[in-house]
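Novice: Just dropping this structure here.
The values are calculated or read from the model by the stated rules, or taken from the named source; none is laboratory data. Predicted model, so just to flag it, every value in this text is computed and none were measured. All accessible areas refer to the heavy atoms of the entire protein, side chains included, with ligands and DNA or RNA removed. Shrake-Rupley method; radii C 1.70, N 1.55, O 1.52, S 1.80 Å.
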Amino acid sequence: DRERAEVGRLAPRTLRLVGTPVRVGGAPEWLAQAAHYLFVGDPVHGTISRIDVRSGNVAGQPVRVAPAAAAAPGLAVASAGGSVWVSSFASSTLARVSTSSTTSAPRAVIASSGGTTGPSSRALPPGGKVVARIRLGRGAPAPAGGGALAVGESAVWAMSDAEERLMRIDPSRNAVVARIKVPPEPEAAVAGDGAVWLTYPSSDAVLRVDPNSNKVK
């Protein structure tokens with residue numbers, strides 16, 4: 001509920017509100033679950049908050065992932081293993097946030113097309129820590145224009161609407177390893193079963209990218 005700055009829990013069968021909504025502040029708009037936390041993106045303040053899904057309480061302070069912007073167009077959030085990835089539409093950057101709440105931090109895993117996973121090269125610190133920031137646009141400063149975000153096929157896929165490129169990020173290096181030319185401003189992205197898909201509702205179309213060749217099929 002962006003107007004009330006709250007997140008509510010719904011019963012899956014009745015879709016009725018369960019308990020008291022959790023107040024997170026700002027203008028929450030994007031949710032992703034990782035471990036036993038629900039991560040809530042707030043583009044107005046450029047932060048994500050963590051809600052413990054077992055207790056329903058906010059855990060710790062909001063994590064700064066992007067500049068505050070009163071008219072920010074959005075934060076896209078996706079989870080994988082021990083990380084949450086947050087794409088800032090306002091600053092065209094991708095932030096990686098660790099999710100573990102323990103001191104024995106796990107290694108992040110990213111699903112591949114065969115349903116298997118592989119560990120990254122480094123362990124992540126306890127939860128709520130920004131461990132990497134990746135620019136999705138070239139130049140200084142990077143132009144505004146983040147976009148659709150997906151995790152899968154052994155990579156993180158982040159759209160740069162400003163450059164009309166789908167960036168392939170290697171999570172073991174926290175680095176862009178491919179820049180794929182695609183039509184501008186896809187609404188959403190998903191990766192799995194041997195492909196990365198981008199949706200274009202305005203043209204009633206979807207686009208398929210082959211993660212093996214990094215080319216549009």
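Novice: May I ask for the equivalent-ellipsoid semi-axes of region 3-83, computed as the square root of five times each C-alpha gyration tensor eigenvalue and listed largest first in whole Å?
Specialist: Calculated on Cα positions only, the semi-axes equal 21, 15, 11 Å.
Novice: So for L75, L10, L15, what's the accessible-area order with a 1.4 Å probe, most first?
Specialist: Result, largest first: L15, L10, L75.
Novice: What residues have an amide H closer than 5 Å to that of D161, excluding those fewer than 5 places away on the same chain, when H is modeled at 1.01 Å from N in the peptide plane?
Specialist: G146, G147
Novice: Still on this structure, please answer the following. Keeping all protein chains in place and using 1.4 angstrom, which order do T47, T14 fall into by accessible surface area, from largest down?
Specialist: From most exposed to least exposed: T14, T47.
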